[in-house]
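Below: one structure, written as structure tokens.
The values are calculated or read from the model by the stated rules, or taken from the named source; none is laboratory data. Source: prediction; values computed, not measured. Cβ sites come from the backbone with ideal geometry, for glycine too, and all protein chains shown count toward neighbours.
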Amino acid sequence: MNTIDRIAYSNALTGRSAAEKTALALGMLVAALALPPWPGGPVVLAVMLIATLGVARVPARTYFKLAWAPLTFLIVGIIPLLVSVDFGGQWLLSFQWAEGGVDLAIRVTLRSLAALSCLFFLSMTTPVPQVLRVMRRLHVPPVLTEVSLIIYRNIWMFVDTVRSIRAAQQARLGYRSLRTSYNSLGMLTASFFGQTLQRAKAMENGLQARNWQGEIKVLDEGAAATILGFTVVTGVLLLTVVVSLGTAWAM
């Protein structure tokens, strides 16, 4: 079981309704996109961190460890917003600070962090089968739900495959120098794609052998939604909007 699934099945909110948690995550995501980046972004981020780390009791160390990948992607993505590139001149290329780039980068960062915290809350507090159940009740097209499940499962399967191949190469000193590293990386890539095609074919044959009708059955033991739960979610959303807009007007 991967880290995200393990946390989703063992946090303090696992027993709560997936519909309530999905409503909170999507509602806060809409707020993160609709409210002003300042102070809306930090308010949404703070609320979701409290919900994830405080209420759901997700380990902070694991949370921030998993957040490194999207944060790195965010940092790389905002660099072009800060720099303007001009062609020509003595050095063919010239770099300078983009006009309004700092303000734009700050707004994009605040919105992105707020949105990321919403998605992290949902993924770390709600198991995938329960999320699929909510999607089906919202009448999301079946092809989207099934493809989402297959992609999610295959991502972690591919990660495990790459880790096992790399561990075997390291045990044989496949990365002891730059030359051997390039060679090992090429072999890893070739082996990875080969195994990926084999597993995809095996999955297709298995589904056909079980007379697949377009829906993968999963075990869902999630709790039912309650009026109290949706009332709390609505209250949190309204409080977030009021605090964000009130702070913006006061400034």
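Going through the stretch 128-149 one residue at a time, which ones are exposed (fewer than 15 other Cβ atoms within 10 Å of the Cβ), under 25 Å from G15 (Cα atoms) and out of contact with any helix residue (DSSP H, G or I) (no Cβ under 8 Å at 6 or more places or on another chain)? Once the filter is applied, which keeps residues that are exposed (fewer than 15 other Cβ atoms within 10 Å of the Cβ), under 25 Å from G15 (Cα atoms) and out of contact with any helix residue (DSSP H, G or I) (no Cβ under 8 Å at 6 or more places or on another chain), the stretch 128-149 yields L138, H139, V140. Report, by residue number, each residue of the stretch 160-216 that is in contact (Cβ under 8 Å) with a residue 60 or more places away in the chain and either surrounded by 11 or more Cβ atoms within 10 Å (Cβ to Cβ) or outside the structural domain of L144 (by TED's automatic domain parsing) (or both). Hits for the stretch 160-216 are E215, I216.
From V76, V85, grab the single residue that is more than 18 Å from the chain's Cα centre (by Cα), without any contact (Cβ under 8 Å) to a residue 12 or more places away in the chain and either at negative phi or not assigned by TED's automatic domain parsing to the domain that holds A12 (or both). Exactly one of V76, V85 is more than 18 Å from the chain's Cα centre (by Cα), without any contact (Cβ under 8 Å) to a residue 12 or more places away in the chain and either at negative phi or not assigned by TED's automatic domain parsing to the domain that holds A12 (or both), namely V85.
Candidates in the stretch 8-21 are the residues that are assigned to a helix (DSSP H, G or I) and among the aliphatic types (A, V, I, L, M); of these, the one that is nearest to V55 (Cα to Cα) is A8.
This table checks each residue for (1) among the aromatic types (F, W, Y); (2) touching a residue at least 40 places away in the same chain (Cβ under 8 Å); (3) surrounded by 14 or more Cβ atoms within 10 Å (Cβ to Cβ).
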| position | (1), (2), (3) |
| --- | --- |
| A18 | no, yes, yes |
| A25 | no, yes, yes |
| P37 | no, yes, yes |
| V43 | no, yes, yes |
| R61 | no, no, no |
| F64 | yes, no, no |
| A114 | no, yes, yes |
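One residue stands out among those in the stretch 176-227 that are in contact with a helix residue (DSSP H, G or I) (Cβ under 7 Å, 6 or more places away or on another chain) and among the hydrophobic types (A, V, I, L, M, F, W, C): the one that is modelled with the highest pLDDT, which is L188.
Just one of (1) in contact with a Leu (Cβ under 8 Å, 6 or more places away or on another chain); (2) surrounded by 15 or more Cβ atoms within 10 Å (Cβ to Cβ); (3) farther than 22 Å from S17 by Cβ fails for V85. It is (2). The set of residues in the stretch 51-71 that are hydroxyl-bearing (S, T, Y) and under 22 Å from T240 (Cβ atoms) comprises T52, Y63.
Among the conditions (1) in contact (Cβ under 8 Å) with a residue 40 or more places away in the chain; (2) touching a helix residue (DSSP H, G or I) at 6+ places or on another chain (Cβ under 6 Å); (3) in a helix (DSSP H, G or I), D5 misses just one, which is (2). In summary, T109 fulfils each of the numbered conditions (1) modelled with pLDDT of 90 or more; (2) under 29 Å from A19 (Cβ atoms) with the single exception of condition (2).
All conditions but one from (1) part of a helix (DSSP H, G or I); (2) over 30 Å from P37 (Cα atoms); (3) at pLDDT 75 or above apply to L238; the one that does not is (2). Of all the listed residues (G101, G77), the sole one being surrounded by 12 or more Cβ atoms within 10 Å (Cβ to Cβ) and in contact with a strand residue (DSSP E or B) (Cβ under 8 Å, 6 or more places away or on another chain) is G101.
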